[in-house]
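The structure under discussion appears below in the form of structure tokens.
The values are calculated or read from the model by the stated rules, or taken from the named source; none is laboratory data. Treat the numbers as computed from the prediction; the structure is a model and nothing was measured. For neighbour counting, all protein chains shown are included, and Cβ atoms are generated from backbone atoms with ideal geometry for every residue, glycine included. These area figures cover heavy atoms from the full protein model, side chains too; ligands, DNA and RNA do not enter into them. Shrake-Rupley method; radii C 1.70, N 1.55, O 1.52, S 1.80 Å.
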Protein chains: 2
Amino acid sequence: MATNPSWLLQSYPSAMPTAENWALEERPIPEAADGELLVKTLWLSVDPYMRGRISPAKNYAAGFKLGDLMRGGGIGEVMISESPDFKPGDIVMSDHFGWQPFSVVPAASAEPVTTTDAPMQSALSYLGMPGLTAYFALLKTGRPRVGETVLISAAAGAVGQIAGQIARIKGFDPVAVAGSDEKLEWCKELGYRTGVNHRTSADLVADVATACPSGVDVFVDNTAGPIHDAAMLNLNTFGRVVVVGTIALADRFDQPDIGLRHLRRTLITRARIEGFLLDDHEREYETAIAALLSWYKQGLLQTREDVAEGIEAVPHAFVRMLKGENFGKQLVKL
Amino acid sequence: MATNPSWLLQSYPSAMPTAENWALEERPIPEAADGELLVKTLWLSVDPYMRGRISPAKNYAAGFKLGDLMRGGGIGEVMISESPDFKPGDIVMSDHFGWQPFSVVPAASAEPVTTTDAPMQSALSYLGMPGLTAYFALLKTGRPRVGETVLISAAAGAVGQIAGQIARIKGFDPVAVAGSDEKLEWCKELGYRTGVNHRTSADLVADVATACPSGVDVFVDNTAGPIHDAAMLNLNTFGRVVVVGTIALADRFDQPDIGLRHLRRTLITRARIEGFLLDDHEREYETAIAALLSWYKQGLLQTREDVAEGIEAVPHAFVRMLKGENFGKQLVKL
């Protein structure tokens with residue numbers, strides 16, 4: 001009989017999570033009720049937003065309780081369908097996959113994954129949540145004009161790598177902030193004009209100024225923290241800041257974030273700073289996926305994955321992604 | 001022969017300005033060159049934005065240098081006109097009046113003041129810069145919907161008193177933050193539903209929550225500081241924050257503003273935080289003034305002035321306005 005080792009949340013991390021915040025426990029293979037699917041997990045996605053769900057602090061979605069099965073994005077094969085929309089053998093994506101080999105997901109949360117145009121796991125990266133986030137955060141919330149400088153933090157990450165390439169395709173001037181010279185080199189291959197290594201920079205404000213000689217028009221902020229300050233202090237009049245993620249706060253989600261406040265600068269520049277959540281754009285997913293897929297098929301989108309293997313690897317893969325130790329979209333293959 | 005005692009900037013205040021930052025010096029009555037007007041000052045306006053101009057820190061407009069004549073908004077009578085657009089005896093408003101009894105202003109900066117519909121000095125308050133700021137900050141940048149809660153700081157001030165009344169006229173739900181119970185009482189007479197006294201509140205976050213039981217949809221932020229925090233921590237999903245002024249920082253304009261940062265909250269609420277500068281709306285002044293004047297003539301706009309007298313009083317009036325000791329639009333009558 002198949003086993004189903006499942007990751008349960010054991011403790012809330014007060015600082016950077018460690019693999020010890022979860023425990024791997026044998027669980028029975030769950031049963032699909034009406035409107036549900038039993039799926040065999042093929043890929044799991046670990047993403048920055050999940051840090052906010054393992055915190056007792058208020059978030060945009062309900063968090064996990066201690067003892068809960070961890071859930072997140074995944075791709076799997078339908079074993080049993082209690083929904084007329086899916087049949088056994090279908091490949092589906094859902095953001096309700098458990099961190100376990102066999103999962104039950106609501107059919108309403110599932111989308112079919114077509115594997116003819118791109119590898120299956122693309123639905124978890126450039127054709128899925130990170131790609132859509134890049135698309136809408138940059139184009140709909142940031143709204144750069146041709147030639148404008150777009151600064152992107154976590155530029156080699158799952159969202160950043162796509163945002164930078166869309167910026168290049170659209171004729172904006174993308175500049176990367178990333179955590180290693182190796183990542184920056186790759187960012188330039190993707191079409192970023194230049195970049196700043198925030199781990200080795202002795203003066204982030206000055207280095208962003210050098211990288212953006214005409215100032216920053218749009219900042220796609222995947223990080224918060226000191227990179228946010230450097231962007232704000234280089235922001236042009238009528239600059240736009242899209243707050244997509246706050247991964248620089250991953251080690252202190254439950255603590256007040258104290259630092260430089262930029263209200264004078266916001267007033268002086270008439271900046272627009274706007275929080276971004278992908279769910280708000282659901283009605284336009286189809287358009288965006290068509291655009292992303294078309295760019296991919298034309299060879300205009302490169303992507304990079306960082307793949308861990310096996311159910312045992314999931315918490316470790318999640319933590320290394322939070323620390324920026326991954327290089328490319330972090331996935332776990334089962 | 002008439003004398004022309006004029007206020008010159010003597011020193012940059014590093015904290016809250018005092019009258020000692022200026023010196024009153026006798027100056028000759030200036031001569032109007034081509035395109036200029038010699039005006040006899042009747043009213044001077046002291047406004048929060050002028051704090052930023054007596055700081056060596058970067059601002060949206062060039063600041064005063066040490067020894068410079070202070071300039072700001074005023075109303076006066078044209079004595080000598082070197083412009084075809086004005087003649088002696090005309091009453092004009094300009095934001096280039098010196099802090100002095102006789103001033104030369106560029107004719108291009110001057111607007112005729114009609115005194116038939118409202119008292120002359122209205123052009124410095126509800127029919128001028130503060131009224132226009134309230135109008136555009138609330139309606140064009142904040143964009144509340146009918147029934148939404150609009151929190152307004154410095155609610156009894158020159159901008160706040162008008163913003164609150166426009167909110168009431170338009171069917172929004174205005175809530176005041178002000179610095180005395182007397183001011184709050186008056187705010188309620190203006191149509192604010194309720195208010196919070198930020199000087200006596202022991203817990204501003206809780207008191208704003210009580211005053212705004214449905215949360216804050218739009219925040220017209222004239223202050224920054226702890227009131228900004230209380231608004232952010234009560235901001236609704238898709239809340240809008242219009243950064244109009246930062247008077248709570250008046251005592252430390254040249255120092256970094258360190259405090260709570262709200263990037264997680266911005267993301268979670270998908271807030272839009274936007275800096276506001278009146279100049280950006282110049283093409284629509286006429287429409288706005290027509291609306292403000294119409295409301296005034298219908299008896300829908302009450303206003304309150306705090307009038308100091310004589311050229312000697314100007315720095316003191318400016319400082320007491322920065323400290324919130326004024327009650328109503330602070331003016332100086334000459």
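Dipole of region B:129-279, Cα-centred, from +1 at each Lys and Arg C-beta and -1 at each Asp and Glu C-beta, to the nearest 20 debye?
600 debye
Figure the gain on full extension for residue B:282 and residue B:18 (residue separation times 0.36 nm, minus the Cα-Cα span) and round it to one decimal in nm.
Computed gain between residue B:282 and residue B:18 is 91.8 nm.
When the dipole is taken about the Cα centre of the protein assembly as shown, and only Lys, Arg (+1) and Asp, Glu (-1) are charged at their Cβ, what size is it in debye, to the nearest 20?
20 debye
Counting other C-beta atoms within 10 Å, and keeping those with at most 13, which DSSP coil trypsin sites (Lys or Arg not before Pro) do you find in region A:136-168?
When the trypsin sites (Lys or Arg not before Pro) of region A:136-168 are filtered for loop state and at most 13 Cβ neighbours within 10 Å, A:145 remain.
Once the convex hull of the C-alpha atoms of the protein assembly as shown is built, how many Å³ does it hold per residue, rounded to a whole number?
Dividing the Cα hull volume of the protein assembly as shown by its residues yields 168 Å³.
What is the sum of charges, Lys and Arg at +1 and Asp and Glu at -1, for the other residues whose Cβ falls under 11 Å from the Cβ of residue A:100?
Spelling it out: positives minus negatives among the neighbours equals +1.
Work out the mean other chain Cβ neighbour count within 10 Å for the residues of B:254-262 and drop it here as an integer.
Partner Cβ neighbours, averaged per residue: 5.
Could you check how much of the accessible area of the protein assembly as shown is carbon and sulfur, as a whole percent, using a 1.4 Å probe?
Exposed carbon and sulfur together represent 51 percent of the surface.
Once label points are set 7 Å from the Cα along Cα→Cβ at both residue A:31 and residue A:114, what is their separation, rounded to one decimal in nm?
Between residue A:31 and residue A:114, the label points sit 3.7 nm apart.
Could you give the angle, 0 to 90 degrees to the nearest 10, between helix B:181-190's Cα long axis and the longest principal axis of the Cα atoms of chain B?
With rounding to tens, the tilt is 90 degrees.
Show that you can apply the helix-only estimate: for the protein assembly as shown, add -39,500 (n - 2.57) for every DSSP H stretch of four or more residues, divide by all residues, and state [θ] at 222 nm to the nearest 500.
-6500 deg cm²/dmol
If the cut-off is a Cα-Cα distance under 13 Å, which aspartates and glutamates reach residue A:323, setting aside same-chain residues fewer than 8 apart in sequence?
Cross-link targets: A:47, A:251.
What does a probe at residue B:57 reach in region B:230-244, counting residues whose amide N is under 15 Å from the point 7 Å along Cα→Cβ?
Residues B:244 qualify, since their backbone N sits under 15 Å from the label point.
What FRET efficiency comes out for the pair residue A:237/residue B:185, r = Cβ-Cβ distance, R0 = 30 Å, nearest 0.05?
For R0 = 30 Å, the calculated efficiency reads 0.15.
Dipole magnitude of chain A about its Cα centre, charges +1 at Lys/Arg Cβ and -1 at Asp/Glu Cβ only, in debye to the nearest 20?
1220 debye
Among rounded, prolate and oblate, which fits region B:53-131 when a ≥ b ≥ c are the square roots of the eigenvalues of its C-alpha gyration tensor, a/c under 1.5 means rounded, and a/b larger than b/c means prolate?
Since a/c reaches 1.5 but b/c is at least a/b, the shape of region B:53-131 is classed as oblate.
Of A:9, A:273, A:222, which is farthest on the positive side of the dipole of chain A, counting Cα position, with +1 on Lys and Arg Cβ, -1 on Asp and Glu Cβ, and the Cα centre as origin?
A:273
With respect to the symmetry axis carrying chain B onto chain A, which residue of chain B exhibits the smallest Cβ distance to that axis, and what is the value in whole Å?
That would be B:273, 2.
Using a cut-off of 9 Å between beta-carbons, work out the net charge of the residues near residue B:172 (Lys and Arg +1, Asp and Glu -1, residue B:172 not included).
Here the count lands on 0.
Within 10 Å of each Cβ in peptide A:50-57, how many partner chain Cβ atoms are there on average? Round it to a whole number, please.
Taking the mean over all residues of the peptide, I get 1.
Residue A:214 versus residue A:307, label points 7 Å from Cα toward the beta carbon: distance in nm?
A separation of 4.0 nm, rounded to one decimal place.
Between copies, how close do the residue A:88 label points come, placed 7 Å along Cα→Cβ, listed in nm from shortest?
10.4
Using a 10 Å cut-off on Cβ to Cβ distances, tally the other chain neighbours for every residue of A:272-283 and report the average as a whole number.
4
For chain A, what does the alpha-carbon gyration tensor say about shape, rounded, prolate or oblate, given a ≥ b ≥ c as the root eigenvalues, a/c under 1.5 as rounded, and a/b over b/c as prolate?
It is prolate, given that a/c is not under 1.5 and a/b is the larger ratio.
Sorted from shortest, what are the nm distances separating the label point of residue B:294 from equivalent points in the other copies, each placed 7 Å from Cα along Cα to C-beta?
Relative to the other copies, residue B:294 has label-point distances of 4.5 nm.
Which of B:188/B:329; B:40/B:65; A:140/A:170; A:183/A:297 have a Cα-Cα distance over 21 Å?
B:40/B:65; A:183/A:297
In degrees between 0 and 90, to the nearest 10, how far off the longest principal axis of chain A does helix A:158-169 point, with axes built from Cα atoms?
Taking the Cα atoms of chain A, the angle to A:158-169 is about 50 degrees.
From the label point of residue B:323, set 7 Å along Cα to the beta carbon, how far off in nm is each other copy's matching point, shortest first?
Those label-point separations list as 5.5 nm.
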